Amino acid sequence: MAGILLAAGQGSRLGRPKALVEIGGESLSRRGVALLRDGGAGPIVVVTGAVAVDLPGVIAVHNPDWRTGMGSSLAAGLATVPDSCSAAVIALVDQPLIGPDAVRRLIAAYAAGASVAVAAYQGAPRNPVLLARQHWAAVVALAVGDAGAREFLRANPELVTLVECGDTGRPDDLDTRSDLDRLAGLVSPRDAAANQD
């Protein structure tokens, strides 16, 4: 079960690339990789764009078209996943409060027969998202601009298994400086301490 971390954007509203922003003493890209790995995904593919991200033990792929939006990064990530992987969990670098239990639950849903599993928070679908390989071509065909997998999910609601993850974390986006200040205050001291090890 591969993990894909989309970390290519320049963070225009934040004023710097999100992949390098630190929260709780750890970069968002490192936190994203840990989210996927701790949740049971691997190998981990990190899609970069605006800046290079040097992390140990990941497959880094540069998306030369990162300026066109998330869709091209999703396509680059899926194209990089090793052939031996039958599915991938896709996470976004700018949602640092999502917990690894969300990833575990998506993988469990896949093991139970779901080919598309979406983490939901109080019933609302968000991220991460698990996609079985059989859907990747259709996902990429609809992933234009910043759409990511959203258009595929909307077009195929009968395929989607919602997996409630509201007790495992929060899907808050980190887009602005005020978001960063607010979310940094929500990273527990225990998490911060663990990140220093």
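Restricting the range 79-112 to residues that are in a helix (DSSP H, G or I) and among the small types (G, A, S) leaves a set whose member that is surrounded by the most Cβ atoms within 10 Å (Cβ to Cβ) is A102.
Of everything in the range 24-73, what is of a type in the set (D, E) and closer than 20 Å to V144 by Cβ? Give them in sequence order. The one that is of a type in the set (D, E) and closer than 20 Å to V144 by Cβ: D65. In the range 113-135, how many residues are surrounded by 21 or more Cβ atoms within 10 Å (Cβ to Cβ) and of a type in the set (A, V, I, L, M, F, W, C)? Here the count works out to 7.
Quick grid of which residues meet (1) aliphatic (A, V, I, L, M); (2) over 22 Å from G99 (Cα atoms):
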{"site": "N127", "(1), (2)": "no, no"}
{"site": "A141", "(1), (2)": "yes, yes"}
{"site": "T168", "(1), (2)": "no, no"}
{"site": "L186", "(1), (2)": "yes, no"}
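What residue, among those in the range 10-23 that are out of contact with any strand residue (DSSP E or B) (no Cβ under 6 Å at 6 or more places or on another chain) and either hydroxyl-bearing (S, T, Y) or surrounded by 19 or more Cβ atoms within 10 Å (Cβ to Cβ) (or both), is nearest to P100 (Cα to Cα)? So, considering only residues that are out of contact with any strand residue (DSSP E or B) (no Cβ under 6 Å at 6 or more places or on another chain) and either hydroxyl-bearing (S, T, Y) or surrounded by 19 or more Cβ atoms within 10 Å (Cβ to Cβ) (or both), the one nearest to P100 (Cα to Cα) is I23.
For the range 60-76, the criterion of being without any contact (Cβ under 8 Å) to a residue 24 or more places away in the chain, of a type in the set (A, V, I, L, M) and either buried (at least 21 other Cβ atoms within 10 Å of the Cβ) or not in a loop (DSSP other than H, G, I, E, B) (or both) is met by at least one residue. Please go through the range 147-161 and give me each residue that is at negative phi and crowded, with 16+ Cβ neighbours inside 10 Å, ordered by number. Answer for the range 147-161, where residues must be at negative phi and crowded, with 16+ Cβ neighbours inside 10 Å: A147, A149, R150, E151, F152, L153, L159, V160, T161. Can you tell me which residue among L55, L78 is of a type outside the set (S, T, N, Q), under 21 Å from A137 (Cα atoms) and touching a strand residue (DSSP E or B) at 6+ places or on another chain (Cβ under 7 Å)? One residue alone meets the criteria, L78. Summed over the range 24-51, residues that are buried (at least 19 other Cβ atoms within 10 Å of the Cβ), aliphatic (A, V, I, L, M), in a helix (DSSP H, G or I) and touching a helix residue (DSSP H, G or I) at 6+ places or on another chain (Cβ under 9 Å) total 3. In the range 11-66, of all residues being basic (K, R) and touching a Leu at 6+ places or on another chain (Cβ under 8 Å), the one that is nearest to S86 (Cα to Cα) corresponds to R30.
Bear in mind these aren't lab numbers, they're just calculated from the coordinates by the rules spelled out. What you are looking at is a predicted structure, and each value in this text was computed from that prediction instead of being measured. Positions of Cβ are backbone-derived with ideal geometry, glycine not excepted, and every protein chain shown enters the neighbour counts.
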